[in-house]
Amino acid sequence: MNFPNIGLGTFRLKGEVVQQSVQDALDIGYRAIDTAQIYDNELEIGQVLQKSSIARDELFLTTKVWVDHFTPEKFIPSLKNSLTRLQVDQVDLTLLHWPAPKMNIDLKTTLELLAEAQNLGLTQHIGVSNFNIQQVQYAIDLLGKARIFTNQIELSPYLQNKTLVSFLKQNDIAITSYMTLAYGKVLHDPTLKQIANIYHVSVAQVVLAWALHHHFHVIPSSTNQAHLTSNLEAQQLVLSPEHIAMIDGLERNSREINPEQLAPQWDL
């Protein structure tokens, strides 16, 4: 299926909590679920999907291979284990979770292993996460632009990554935004509150509508049914050019996720 504009993120959700969140999301109308090996919730998500009446080809399922598995001995077996936990024969999208430049990762070998996973039919699409321009360009040069489906990166009104975003758009690589609400920090922003009041919607809906306006795919997480519903409804909210410009002006280069060993040198 096509890549949905809004999916459910499952970072930090585990056990019965993630199961309830995924079930509620599916009931509400979500058709994209984003997980990762390091989230330690693939098994629980798989149990929900197995019980669901929604056909597999109506779901877009993403997982990410963790850096500990970026070796020829571990990469393919780890992804097969993910498929077993998720109870599927294939995921729709597999990403390299972090480039991990300080961990002596052989990026060429790892990207070739990712391509091999696609060739084996373990994943329909492949992509990267938290890659900077140089690293995405390397992936393009090695595998071809058509194979790099997305780069999943932190994006919010406070961190807009405009140089990287521009590069990805120029290369027709989908942009997946995580941490779009900046751990909830943007929900208290006076400008965003002002805009939300004008449209009689929530601040979260305004931020998600802004991200969708910029053609980002978003994966907010929530354990609250009302929030799940309102997040999905953000697709119907169209902000004026004036309000888009106001949100664009909130850039602070404020990053929430920046692990020293895993993160690249970010583009300015």
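The values are calculated or read from the model by the stated rules, or taken from the named source; none is laboratory data. Everything numeric here is computed off the predicted structure, so don't read it as measured data. Glycine also receives a Cβ, built like all others from the backbone with ideal geometry; neighbour counts cover every protein chain displayed. Just the protein is used for accessible areas: all its heavy atoms, side chains included, with ligands, DNA and RNA removed. Shrake-Rupley method; radii C 1.70, N 1.55, O 1.52, S 1.80 Å.
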**Prompt:** Tell me, what % of the accessible area of the chain is carbon and sulfur with a 1.4 angstrom probe?
**Reply:** 49 percent
**Message:** Using amide H atoms built in the peptide plane, which far-off residues or other-chain residues are under 5 Å from residue 178 H to H?
**Reply:** 153, 154, 155
**Proximal aspartates and glutamates to residue 14, defined as alpha-carbon separation beneath 12 angstrom and excluding residues fewer than eight positions away on the same chain** = 40, 42, 44
**Message:** Taking a virtual spin label 7 Å from the Cα of residue 124 along the C-beta vector, which residues in region 33-55 bring their backbone nitrogen under 17 Å of it?
**Reply:** 33-35, 49-50, 54-55
**Fill in**
Relative contact order of region 165-268 (C-alpha contacts under 8 Å, at least 6 apart) in percent is 27 percent
**Message:** Give me the mean projected area, in nm² to one decimal, of the convex hull enclosing the Cα positions of the chain.
**Reply:** 13.2 nm²
**Message:** What figure, in Å² to the nearest 10, do you get for the accessible area of residue 56 with a 1.4 Å probe and non-protein molecules left out?
**Reply:** 90 Å²
**Prompt:** When the helix-only estimate is applied to the chain (DSSP H runs of n ≥ 4, each -39,500 (n - 2.57), divided by the residue count), what is the mean residue ellipticity at 222 nm, nearest 500 deg cm²/dmol?
**Reply:** -12000 deg cm²/dmol
**Fill in**
Karplus-derived 3J(HN,Hα) from phi for region 187-192 (6.51 cos²θ - 1.76 cosθ + 1.60, θ = phi - 60°), whole Hz, x at Gly and Pro, runs 5, 9, 6, x, 5, 5
**Asked** Amide H to amide H under 5 Å from residue 201: which residues, 5+ apart in sequence or cross-chain, H placed 1.01 Å off N in plane?
**Response** none
**Fill in**
Residue separation between residue 256 and residue 58 times 0.36 nm, minus their alpha-carbon distance, gives in nm 68.0 nm
**Prompt:** For residue 248 and residue 172 in one chain, what is 0.36 nm times their gap in residues minus the Cα-Cα distance, to one decimal in nm?
**Reply:** 25.2 nm
**Asked** How large is ³J(HN,Hα), in whole Hz, for each residue of region 204-220 in order, when computed from phi with the Karplus curve 6.51 cos²θ - 1.76 cosθ + 1.60 and θ = phi - 60°, using x for Gly and Pro?
**Response** 4, 5, 4, 5, 5, 5, 4, 5, 5, 4, 8, 6, 8, 8, 10, 9, x
**Asked** Looking at the square roots a ≥ b ≥ c of the eigenvalues of the Cα gyration tensor of region 32-189, which shape do they give, rounded for a/c under 1.5, prolate if a/b is larger than b/c, or oblate?
**Response** oblate
**Asked** In whole percent, what relative contact order does region 115-156 give with Cα contacts below 8 Å and a gap of six or more residues?
**Response** 44 percent
**Message:** Leaving out ligands and nucleic acids, and using a 1.4 Å probe, what accessible area per residue does region 65-140 come to in Å²?
**Reply:** 41 Å²
**Message:** Accessible area per residue for region 197-268 in Å², computed with a 1.4 Å probe and the full protein assembly in place, what is it?
**Reply:** 54 Å²
**Asked** Any idea how far the Cα center of region 165-214 sits from the one of region 1-44, in Å?
**Response** 20 Å
**Asked** Net charge near residue 172, counting Lys/Arg +1 and Asp/Glu -1 over other residues with Cβ under 14 Å of its Cβ?
**Response** +3
**Request:** Would you mind checking which residues have amide H under 5 Å from residue 126's amide H? H placed 1.01 Å from N; only 5 or more apart, or other chain.
**Result:** 94, 149
**Message:** I'd like the per residue volume of the convex hull spanned by the Cα atoms of region 141-217, given in cubic angstrom.
**Reply:** 83 Å³
**Extension reserve of the residue 223-residue 103 stretch, reckoned as 0.36 nm per residue once the Cα distance is removed** = 39.8 nm
